[in-house]
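Provided herewith is a single structure, encoded as structure tokens, for subsequent inquiry.
The values are calculated or read from the model by the stated rules, or taken from the named source; none is laboratory data. Since we're looking at a predicted model, the values are computed, not measured. Neighbour counts are summed over all protein chains in view; Cβ atoms, including those assigned to glycine, are modelled from backbone coordinates with ideal geometry. Only protein heavy atoms, including side chains, enter the accessible area calculation; ligands, DNA and RNA are left aside. Shrake-Rupley method; radii C 1.70, N 1.55, O 1.52, S 1.80 Å.
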4 protein chains.
Amino acid sequence: MYFGSDNQTGASFKVMEMLAQANSEYTHGYGDDHWTYQAIDNLKTLFECDLDVFFVATGTAANSLALSCLAQPWEAILCHSSAHIIVDESTAPEFFTGGSRMLPLAAGEGKMTPTHLQNYFKNAGSDYPHNVSARALSVTQISESGLVYSTKEIGELSRIAKQQGLSIHMDGARFANAIASLGCTPAEMTWKAGVDVLCLGATKCGALSLEAVVFFNKHLSKDFTQRRKRSGHLLSKGRLFGAQMVGWLKDSHWLDLATHANQQAKKLSDALMAIDQIELAWPVQANELFVTMPKDLATHLQSAGAEFYEWSENTLPETIKLANGQTYVRLVTSFSTQDSQCELFIENITDYFENQAR
Amino acid sequence: MYFGSDNQTGASFKVMEMLAQANSEYTHGYGDDHWTYQAIDNLKTLFECDLDVFFVATGTAANSLALSCLAQPWEAILCHSSAHIIVDESTAPEFFTGGSRMLPLAAGEGKMTPTHLQNYFKNAGSDYPHNVSARALSVTQISESGLVYSTKEIGELSRIAKQQGLSIHMDGARFANAIASLGCTPAEMTWKAGVDVLCLGATKCGALSLEAVVFFNKHLSKDFTQRRKRSGHLLSKGRLFGAQMVGWLKDSHWLDLATHANQQAKKLSDALMAIDQIELAWPVQANELFVTMPKDLATHLQSAGAEFYEWSENTLPETIKLANGQTYVRLVTSFSTQDSQCELFIENITDYFENQAR
Amino acid sequence: MYFGSDNQTGASFKVMEMLAQANSEYTHGYGDDHWTYQAIDNLKTLFECDLDVFFVATGTAANSLALSCLAQPWEAILCHSSAHIIVDESTAPEFFTGGSRMLPLAAGEGKMTPTHLQNYFKNAGSDYPHNVSARALSVTQISESGLVYSTKEIGELSRIAKQQGLSIHMDGARFANAIASLGCTPAEMTWKAGVDVLCLGATKCGALSLEAVVFFNKHLSKDFTQRRKRSGHLLSKGRLFGAQMVGWLKDSHWLDLATHANQQAKKLSDALMAIDQIELAWPVQANELFVTMPKDLATHLQSAGAEFYEWSENTLPETIKLANGQTYVRLVTSFSTQDSQCELFIENITDYFENQAR
Amino acid sequence: MYFGSDNQTGASFKVMEMLAQANSEYTHGYGDDHWTYQAIDNLKTLFECDLDVFFVATGTAANSLALSCLAQPWEAILCHSSAHIIVDESTAPEFFTGGSRMLPLAAGEGKMTPTHLQNYFKNAGSDYPHNVSARALSVTQISESGLVYSTKEIGELSRIAKQQGLSIHMDGARFANAIASLGCTPAEMTWKAGVDVLCLGATKCGALSLEAVVFFNKHLSKDFTQRRKRSGHLLSKGRLFGAQMVGWLKDSHWLDLATHANQQAKKLSDALMAIDQIELAWPVQANELFVTMPKDLATHLQSAGAEFYEWSENTLPETIKLANGQTYVRLVTSFSTQDSQCELFIENITDYFENQAR
């Protein structure tokens, strides 16, 4: 019952297979190899446009390197107050940008809305160089609460931000799950909606360690190779990334993996919604469930071997307050989540309530 | 009618006199001179304790250098959401600390309270190294809304913060005005209330360019000389600072200057409170007035030569909303504000309303 | 004929096998998994001591993160003027340290000697905070010219540097080759000789992407987890590193791989030394050959499919000057270099000279 | 007998007078005042061109801020190996640039020559992003050994550097002395010879604390106001700088001051050259003397109250080696050096040798 995170499983079989194949060759180092070139070509095809793309090992590196191309050290970056980049990546954005300011918006809500942006711009001081000027907007797809921004929503946020001179970053750690959820094309979710740079995460959805920083706005990428090198993120054996990406993209493997993860989340949420004392805090739109439940139940499940994290109450919708004895947890499904795991999880819950009832 | 800021006037006569005297000598460079040593001794006497003190030219340098001694690049600094360090000093704190995170609290309130701190600590994640850990608290005395923290209030904030392992920084750009307002000793307002490092501003209260970074907690100052030098803040002709400070402290000159500024603010506020369409947003406790007034009046005053700034509505108390046609302005008095300036200002207002009434 | 670099081949079969095995499991993320713990234990056994160890993906990350634990931003790091950290890692050391100064020594010599260090300390200014103080010494094993520092040499450099308060870093990108060459224990080459932190490279000798930062002096590692996270070098699927390391260390696999590489270098150098117009610039002590040869020959070899790099004349011994028409090249053997590659290379050379002679 | 440095005296009377005059006014803050504007205009007149200029308090701040506009964090800055920016300003250049590499040239020589630059470019690696690329050249006028670069020499260095894409920075801490020495115009010594940005020091030649960063290439200054603010170098009472500069420039006061300093150096050197056991290491071309003398004499002079510094043997010309019992000292004259000081100094030397002879 591994619902802790979609990073608690390995790579998919097909990804590993491609890696094994790439391993046996001689190639040049530092990404000058045919696996890397193939991966880049495949991404251009996937996104239906020319683009610059760079591979790194972690989401934190991808996000921070991307942001460092968007904002100067004396500028600011707007993001949701629960965004991974501001909550879970230490001060990596400050490190890579040379000290840009991180500005949180939309506390307590599932997604950032045009109103959040408009209020920010209305109130922000413009007495430069004293005040700090926002220069980048980061949107997390799927959102911090497991919600999926529609392409229209992304387009509106982009439009407002761009009117103010900002560039648009998308943290796509679960981009594949968002595509699987909406059924739109990768192009529609990104550059067609105004996204300048996407951090496309494969690690959480079938790769072992693979994040692609995809620049649709190629003007912004000009220093990337320098930034990647000096932060130690240029791998000598670049095939490690190239081969994973080739395997991940081949025959829409990535989409199959994401679709499976989303389906398992749907099954789990259907079953949970049928249970009285369990409530979904947010609608389940991809592969994450945010759930309130009795604390004792959570403890019971963990004793039974279930993996999941208690989540910060901060991120509950404003309409929900935790009752005494309740807790708030996050459940994540992945490409490798099997029906049997979900069934066992539900069984354990049923058992618990039956025992309670006695 | 100069109410724009207490930095729009020069130095007091006595400060300039001391500077002129120091100018004529030969001394060693870089603060190895008797003016600097005298200034340091005088500060020890003033604060009734041993301390480490360093002089720099600006409040931004003082604050950021001080903060860089308190927090590591992967740690955070708590401050009021309207604090000068987060609103008006660009990303200087990030620059000097090497990328610490700035965390704003207490939006829309005149002072930070224990509740703000407690809520922060209750909700802050502690999953290190992913989450960011707060390591310093910055308190602005007088506050961002012109209010004075009592020594008891400072003590309580310090106590809560220190229980969590934070060090305490006081931005004392208007420290002298706070002392003049409360009548307590400098020691009571700082180390006796838990303050580890004070940025004591003289520039706004009688000096030309002089800020003292005063470490009561001498463990925290060990890298200061290195940090000051490599940020270009070590003056070769150190007497510039030393002499100003000697002149500023001599015979309680600093307190006389601050007392005068506060008194002028009191006179002005008394007169303004008598006028129907003008409202004080916050009580006047030192040398700053925050006032709502008709926009047309503000324009009229500025045409008549009055200097002041419109202020951000963000910083109004939650109970006050600007009506249509109104504006929110800040008025600052200084050691050099003369009765005639205040009287002329009030006269202009009276004239305006009389003309209106016709 | 791949002699370009030991990073132009993949991972050894045994390392890949272990990775495949680790891939199929569920584990916690971020290095909280049994593969990582096993790898750490195995390194303690290998080095015969307690230690702190952290895994990262690249040598640049390993070196820079390690150095950032040794020197403050206002201090300096001494290294050989041809060291990888100063020549081939962009300004990564400055980035990670927050701006420490890199100071090159020993230009034109194969190794750093006690005299280089002594001269540096004799001449270095000590007027702080104006002058910069050296706080770390970095030694590259095997050296920039393919030479191996004896344990005695390392001990002497350490001793002199430590007397001046420096910490000792070893860049062990080819540490395994050095051990295979000297036949000493890993402990003798490191902490017993005064090394505080070793960057142990596995990537060049059998892994796909694996560098271990090994702290023998555990006082120095206290911020490492914070530094690794905020630089984006903490992998979510930590097993990628853990499993490679377990496979690499098992049954002295690492030493077998290094021994093979060294043996192939020896064979190649024996054959080359028999050829008149080819000269070894430095003795071959591990798996790198530095060779002067006719430019036309180099071109001929490259046309025939041989991979190698022309090398900077700067790094020639002072006694050797390139004649007109000559070039200076580096040849590197690896764990996967086969006899047939070496033989083909020599054959091509022989053919060239035979054709020349006609 | 103050020959320690030209920063051991105060400001000239005329500069102080102008400061006193400016002190009594009300003005806007942060350089938005007529003194600052007047100073800027006067500099445009002096340099016979349009330019951007910014005032700061220290030479370290001026140099580092200027350099941060020329080189990216992954690029390098070339300078003389004894340059103030690399020897005496801690790691300020790294701090302000965000970690650019400092590269020293021309060790042991009095000036940098075209050959030094050409050799550097010939040998520098260009395998980017691995290698570091030089992007700025810093020239110190007057040089580290008290020599004056001719306008032709500056032009040649600029030309070679610009061919390689570098920008040219001039550290003009003693620029006035250089002008007084050569008799050329400020324009000829700077933009007409290819200089992009000049750090014009007034502090050492009559001001109290005043350095002007003068951009002839206005494209390079676009971020300067942001950089100055976030490093804490934007003064609130900007008149402090503006007034000093107005006073310093008025009626060629600056040139009179520099001319006096140079003349005193000439007198002193003429007298010293007549003494057998004292040797000038470098010709005296401005206001600095570098002299070898018996250690006992140096001690005797210091006991008699003479101020000067022993200097690093590193910076001796290669042709001069210190004999046993000798030392190497620097003597600096200033605008305030009086004949009587020089005479007393020579007298003390004569006395010493007479006593020796007995």
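Looking at the structure I just gave you, is C:S303 open to solvent by 10 Å² or more (accessible area, probe 1.4 Å), touching a Phe, Trp or Tyr at 6+ places or on another chain (Cβ under 9 Å), at negative phi and small (G, A, S)? Lay out the reasoning, then the answer.
Working: open to solvent by 10 Å² or more (accessible area, probe 1.4 Å): yes; touching a Phe, Trp or Tyr at 6+ places or on another chain (Cβ under 9 Å): no; at negative phi: yes; small (G, A, S): yes.
When the stated conditions are applied, C:S303 does not pass them.
Filter region C:299-309 down to the residues that are closer than 15 Å to C:N355 by Cβ and in contact (Cβ under 8 Å) with a residue 24 or more places away in the chain and list them by number. Spell out the reasoning first.
Step one: of region C:299-309, the residues closer than 15 Å to C:N355 by Cβ are C:299-301, C:303-304.
C:H300, C:L301, C:A304 - these are the residues of region C:299-309 that are closer than 15 Å to C:N355 by Cβ and in contact (Cβ under 8 Å) with a residue 24 or more places away in the chain.
Can you name the number of the only condition in (1) more than 7 Å from every other protein chain (Cβ to nearest Cβ); (2) over 16 Å from the mean Cα position of the chain (by Cα) that B:L65 fails?
Only one criterion in (1) more than 7 Å from every other protein chain (Cβ to nearest Cβ); (2) over 16 Å from the mean Cα position of the chain (by Cα) is unmet by B:L65, namely (2).
Please go through region B:6-62 and pick out each residue that is among the polar types (S, T, N, Q), facing another protein chain (nearest Cβ under 7 Å) and in contact with a helix residue (DSSP H, G or I) (Cβ under 8 Å, 6 or more places away or on another chain). Step through it out loud before you land on a result.
Our first condition is that a residue be among the polar types (S, T, N, Q); within region B:6-62, this holds for B:7-9, B:12, B:21, B:23-24, B:27, B:36, B:38, B:42, B:45, B:58, B:60.
Retained after the next criterion (residues that are facing another protein chain (nearest Cβ under 7 Å)): B:7-9, B:23-24, B:27, B:58, B:60.
Matches in region B:6-62: B:N7, B:N23, B:T27, B:T58, B:T60.
Against the definition (open to solvent by 50 Å² or more (accessible area, probe 1.4 Å), over 22 Å from D:A180 (Cβ atoms) and within 14 Å of chain C (Cβ to nearest Cβ)), how does D:E347 come out, yes or no? Don't jump to the end; show me each part of the working.
Numbers: open to solvent by 50 Å² or more (accessible area, probe 1.4 Å): yes; over 22 Å from D:A180 (Cβ atoms): yes; within 14 Å of chain C (Cβ to nearest Cβ): no.
So D:E347 does not fit the description; no.
Taking the conditions exactly as written (in contact (Cβ under 8 Å) with a residue 40 or more places away in the chain, of a type in the set (S, T, N, Q) and surrounded by fewer than 19 Cβ atoms within 10 Å (Cβ to Cβ)), does B:Q277 satisfy them or not? Explain how you work it out, then say what you get.
Details: in contact (Cβ under 8 Å) with a residue 40 or more places away in the chain: yes; of a type in the set (S, T, N, Q): yes; surrounded by fewer than 19 Cβ atoms within 10 Å (Cβ to Cβ): yes.
Yes.
Yes/no per residue for (1) over 30 Å from A:G232 (Cβ atoms); (2) open to solvent by less than 10 Å² (accessible area, probe 1.4 Å); (3) more than 14 Å from the chain's Cα centre (by Cα):
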{"site": "D:S138", "(1), (2), (3)": "no, yes, no"}
{"site": "D:L157", "(1), (2), (3)": "yes, yes, yes"}
{"site": "D:Q163", "(1), (2), (3)": "yes, no, yes"}
{"site": "D:H169", "(1), (2), (3)": "no, yes, no"}
{"site": "D:F175", "(1), (2), (3)": "yes, yes, no"}
{"site": "D:A180", "(1), (2), (3)": "yes, no, no"}
{"site": "D:V197", "(1), (2), (3)": "yes, yes, no"}
{"site": "D:S231", "(1), (2), (3)": "no, yes, yes"}
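Do you know which residues across region B:91-108 are part of a helix (DSSP H, G or I) and farther than 24 Å from B:Q163 by Cβ? Talk me through it step by step, then tell me what you get.
Step one: filter region B:91-108 for residues part of a helix (DSSP H, G or I), giving B:92-97.
Hits for region B:91-108 are B:A92, B:E94, B:F95, B:F96.
Right, something else. When the residues of region B:300-331 are narrowed to those that are closer than 20 Å to B:S143 by Cβ, in a strand (DSSP E or B) and charged (D, E, K, R), which ends up farthest from the chain's Cα centre (by Cα)? Before you say what the answer is, go through the steps one by one.
Narrowing region B:300-331 to residues closer than 20 Å to B:S143 by Cβ: B:308-320, B:328-331.
Checking which are in a strand (DSSP E or B) leaves us with B:309-310, B:328-331.
From the residues that got through so far, the ones that are charged (D, E, K, R) too are B:310, B:330.
Values: B:E310: 19, B:R330: 15 Å.
Result: B:E310.
Take region A:73-98 and flag every residue that is facing chain B (nearest Cβ under 9 Å) and closer than 27 Å to B:W311 by Cα.
Within region A:73-98, A:P73, A:W74, A:E75, A:A76 meet the criteria.
Please pick out the residue among C:L297, C:L289 that is among the hydrophobic types (A, V, I, L, M, F, W, C) and either loosely packed, with under 15 Cβ neighbours inside 10 Å or under 19 Å from the mean Cα position of the chain (by Cα) (or both). Even if it seems obvious, please write down each step before you answer.
On the way: C:L297 fails: either loosely packed, with under 15 Cβ neighbours inside 10 Å or under 19 Å from the mean Cα position of the chain (by Cα) (or both).
So the residue among C:L297, C:L289 that is among the hydrophobic types (A, V, I, L, M, F, W, C) and either loosely packed, with under 15 Cβ neighbours inside 10 Å or under 19 Å from the mean Cα position of the chain (by Cα) (or both) is C:L289.
Could you please find all residues in region C:12-24 being open to solvent by 10 Å² or more (accessible area, probe 1.4 Å) and either without any contact (Cβ under 8 Å) to a residue 60 or more places away in the chain or not basic (K, R) (or both)? Step through it out loud before you land on a result.
At the first step, the residues of region C:12-24 found to be open to solvent by 10 Å² or more (accessible area, probe 1.4 Å) are C:13-14, C:16-18, C:20-21, C:23-24.
Correct list: C:F13, C:M16, C:E17, C:M18, C:A20, C:Q21, C:N23, C:S24.
Let me ask you something else. Select from region D:321-331 the residues that are open to solvent by 30 Å² or more (accessible area, probe 1.4 Å) and among the hydrophobic types (A, V, I, L, M, F, W, C) and list them in ascending order.
Answer for region D:321-331, where residues must be open to solvent by 30 Å² or more (accessible area, probe 1.4 Å) and among the hydrophobic types (A, V, I, L, M, F, W, C): D:L322, D:A323.
Go through region C:275-295 and give me each residue that's more than 9 Å from C:Y328 (Cα to Cα) and part of a strand (DSSP E or B). Give the steps one after another, and end with the answer.
Within region C:275-295, the first condition is being more than 9 Å from C:Y328 (Cα to Cα), and the residues that meet it are C:275-280, C:282-289.
Within region C:275-295, C:E279, C:L280, C:E288, C:L289 meet the criteria.
Could you grab the pairs with beta carbons closer than 9 Å, sequence gap of 6+ or different chains, first residue in region B:115-143 and on the phi < 0 side of the Ramachandran plot, second one open to solvent by less than 20 Å² (accessible area, probe 1.4 Å) and among the basic types (K, R)?
Pairs found: B:Y128/C:K229; B:P129/C:K229; B:P129/C:R230; B:H130/C:K229; B:V132/B:R101; B:A134/B:R101.
Let me ask something else. One residue is enough: does region A:320-327 have a residue meeting the conditions more than 14 Å from chain B (Cβ to nearest Cβ) and among the small types (G, A, S)?
Yes.
While we're here: Given the conditions (1) closer than 26 Å to B:G155 by Cβ; (2) open to solvent by 10 Å² or more (accessible area, probe 1.4 Å); (3) polar (S, T, N, Q), and given that B:T190 satisfies all but one, which numbered condition is not satisfied?
That leaves (2) as the condition not met.
Shifting gears a bit: Could you pull out the residue among A:N131, A:N123 that is at pLDDT below 95 and either open to solvent by 10 Å² or more (accessible area, probe 1.4 Å) or not hydroxyl-bearing (S, T, Y) (or both)? It would help to see each step written out before you state the result.
Numbers: A:N131 fails: at pLDDT below 95.
Step by step, each of A:N131, A:N123 is checked, and only A:N123 is at pLDDT below 95 and either open to solvent by 10 Å² or more (accessible area, probe 1.4 Å) or not hydroxyl-bearing (S, T, Y) (or both).
Can you find, within region A:197-212, the residue that is nearest to A:G10 (Cα to Cα) among those that are in contact with a Ser or Thr (Cβ under 8 Å, 6 or more places away or on another chain) and assigned to a strand (DSSP E or B)?
Among them, the one singled out is A:E211.
Right, here's the next one. Does D:Q263 qualify as being open to solvent by 70 Å² or more (accessible area, probe 1.4 Å), away from every other protein chain (no Cβ under 14 Å) and part of a helix (DSSP H, G or I)? Steps first, answer last, please.
Values: open to solvent by 70 Å² or more (accessible area, probe 1.4 Å): yes; away from every other protein chain (no Cβ under 14 Å): yes; part of a helix (DSSP H, G or I): yes.
Spelling it out, D:Q263 is indeed open to solvent by 70 Å² or more (accessible area, probe 1.4 Å), away from every other protein chain (no Cβ under 14 Å) and part of a helix (DSSP H, G or I).
For (1) of a type outside the set (F, W, Y); (2) touching a strand residue (DSSP E or B) at 6+ places or on another chain (Cβ under 8 Å), each residue gets a yes or a no:
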{"residue": "C:L297", "(1), (2)": "yes, no"}
{"residue": "C:H300", "(1), (2)": "yes, no"}
{"residue": "C:Y309", "(1), (2)": "no, yes"}
{"residue": "C:T315", "(1), (2)": "yes, yes"}
{"residue": "C:G325", "(1), (2)": "yes, yes"}
{"residue": "C:L331", "(1), (2)": "yes, yes"}
{"residue": "C:C342", "(1), (2)": "yes, no"}
{"residue": "C:N348", "(1), (2)": "yes, no"}
{"residue": "C:F353", "(1), (2)": "no, no"}
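Let me ask another. Give just the number: which of (1) part of a loop (DSSP other than H, G, I, E, B); (2) open to solvent by less than 30 Å² (accessible area, probe 1.4 Å); (3) closer than 18 Å to B:G108 by Cβ does B:S334 not satisfy?
Only one criterion is unmet by B:S334, namely (3).
Also, quick follow-up: Any chance region A:215-225 includes a residue that's touching a helix residue (DSSP H, G or I) at 6+ places or on another chain (Cβ under 6 Å), open to solvent by 10 Å² or more (accessible area, probe 1.4 Å), under 30 Å from D:P73 (Cα atoms) and assigned to a helix (DSSP H, G or I)?
Kept after step one, since they are touching a helix residue (DSSP H, G or I) at 6+ places or on another chain (Cβ under 6 Å), are these residues of region A:215-225: A:215-216.
Now restrict to residues that are open to solvent by 10 Å² or more (accessible area, probe 1.4 Å): A:216.
Pick out the ones that are also under 30 Å from D:P73 (Cα atoms) and you get A:216.
Keeping just the survivors that are assigned to a helix (DSSP H, G or I) gives none.
Looking for residues that are touching a helix residue (DSSP H, G or I) at 6+ places or on another chain (Cβ under 6 Å), open to solvent by 10 Å² or more (accessible area, probe 1.4 Å), under 30 Å from D:P73 (Cα atoms) and assigned to a helix (DSSP H, G or I), one finds none in region A:215-225, hence no.
Going through B:K122, B:K162, B:K111, B:K152 one at a time, which residue ends up being in contact with a strand residue (DSSP E or B) (Cβ under 8 Å, 6 or more places away or on another chain) and either of a type in the set (A, V, I, L, M, F, W, C) or part of a helix (DSSP H, G or I) (or both)? Walk me through it before giving the result.
Details: B:K122 fails: in contact with a strand residue (DSSP E or B) (Cβ under 8 Å, 6 or more places away or on another chain); B:K111 fails: either of a type in the set (A, V, I, L, M, F, W, C) or part of a helix (DSSP H, G or I) (or both); B:K152 fails: in contact with a strand residue (DSSP E or B) (Cβ under 8 Å, 6 or more places away or on another chain).
Sole residue among the options that is in contact with a strand residue (DSSP E or B) (Cβ under 8 Å, 6 or more places away or on another chain) and either of a type in the set (A, V, I, L, M, F, W, C) or part of a helix (DSSP H, G or I) (or both): B:K162.
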